[in-house]
Amino acid sequence: CLELLHTNPSSFVILSAAMADFTLDKKSGKIKSGDNLELTLKPTAKLSSQIKKEFPNCKLILYKAEADISKDDLINRATTKLANDNADLIIANDIADPSYGFSSNENHIIVIAKDGKTMELSDSKSNLARKIISDLIMEI
């Protein structure tokens, strides 16, 4: 992703999910087969927090998926990520609701812009994607 921005630093960047929140802590030496194995995970660096630092002219659109939290907490967490990563727009949703999220073609999202404007939308995922591209991105 960052390599592509070098050729067009004013691009739109849409990060719909973290590449990986954790990675394995590397162990040295051979792992003996047949023994129990304990894995240690460590947090990975967030790509979203690096983009605007190196490419301040790009337009950064992020997603924030949470589970089983209140609407206010979802908005607060998304707003914090928006500010921390210097993003232009963030799209937040609660993936725990079975009528939305991963197991459904429908979704309910809260869109938060850098200027603090918020908008709630419910529709099919494909219609929401079209709306995000055609309307929301044109506003930022």
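I'd like the full set of residues that are part of a strand (DSSP E or B) and of a type in the set (A, V, I, L, M), limited to the range 70-124. Once the filter is applied, which keeps residues that are part of a strand (DSSP E or B) and of a type in the set (A, V, I, L, M), the range 70-124 yields 89, 90, 91, 92, 109, 110, 111, 112, 113, 119, 121. For the range 108-123, the condition of being open to solvent by 30 Å² or more (accessible area, probe 1.4 Å), closer than 17 Å to residue 17 by Cβ and either of a type in the set (S, T, N, Q) or touching a strand residue (DSSP E or B) at 6+ places or on another chain (Cβ under 9 Å) (or both) holds for none of the residues. What about residue 135, is it surrounded by 17 or more Cβ atoms within 10 Å (Cβ to Cβ), among the acidic types (Asp, Glu) and under 29 Å from residue 4 (Cβ atoms)? Spelling it out, it is not the case that residue 135 is surrounded by 17 or more Cβ atoms within 10 Å (Cβ to Cβ), among the acidic types (Asp, Glu) and under 29 Å from residue 4 (Cβ atoms).
Residues in the range 21-59 that are closer than 25 Å to residue 110 by Cα and surrounded by 11 or more Cβ atoms within 10 Å (Cβ to Cβ): 46, 47, 48, 49, 50, 51, 52, 56, 58, 59.
Residues that are part of a helix (DSSP H, G or I) and surrounded by 10 or more Cβ atoms within 10 Å (Cβ to Cβ) were ranked within the range 1-20; the one that is modelled with the highest pLDDT is 5. Inspect all residues belonging to the range 49-69 and state whether any of them is under 20 Å from residue 18 (Cβ atoms), under 12 Å from the mean Cα position of the chain (by Cα) and among the hydroxyl-bearing types (Ser, Thr, Tyr). Yes, the range 49-69 contains a residue that is under 20 Å from residue 18 (Cβ atoms), under 12 Å from the mean Cα position of the chain (by Cα) and among the hydroxyl-bearing types (Ser, Thr, Tyr). Taking residues in the range 30-45 that are within 15 Å of residue 19 (Cα to Cα) and in contact (Cβ under 8 Å) with a residue 24 or more places away in the chain, and partners anywhere that are open to solvent by less than 90 Å² (accessible area, probe 1.4 Å) and of a type in the set (Gly, Ala, Ser), the pairs with Cβ atoms closer than 7 Å and at least 6 places apart or on different chains are 44/20. The C-beta contact set for the range 1-27 (first residue touching a residue at least 24 places away in the same chain (Cβ under 8 Å) and within 25 Å of residue 93 (Cα to Cα), second residue open to solvent by less than 80 Å² (accessible area, probe 1.4 Å) and aromatic (Phe, Trp, Tyr), distance under 6 angstrom, 6+ apart or interchain) comprises 16/63. Within the range 77-115, if we keep just the residues that are closer than 28 Å to residue 57 by Cβ and without any contact (Cβ under 8 Å) to a residue 12 or more places away in the chain, the residue that is farthest from the chain's Cα centre (by Cα) turns out to be 115.
Only one of the numbered conditions (1) touching a residue at least 24 places away in the same chain (Cβ under 8 Å); (2) not in a helix (DSSP H, G or I) is violated by residue 49, and that is (2).
The values are calculated or read from the model by the stated rules, or taken from the named source; none is laboratory data. Source: prediction; values computed, not measured. Cβ atoms come from the backbone with ideal geometry, glycine included; neighbour counts cover every protein chain shown. The area values use the complete protein model at the heavy-atom level, side chains included, leaving out ligands, DNA and RNA. Shrake-Rupley method; radii C 1.70, N 1.55, O 1.52, S 1.80 Å.
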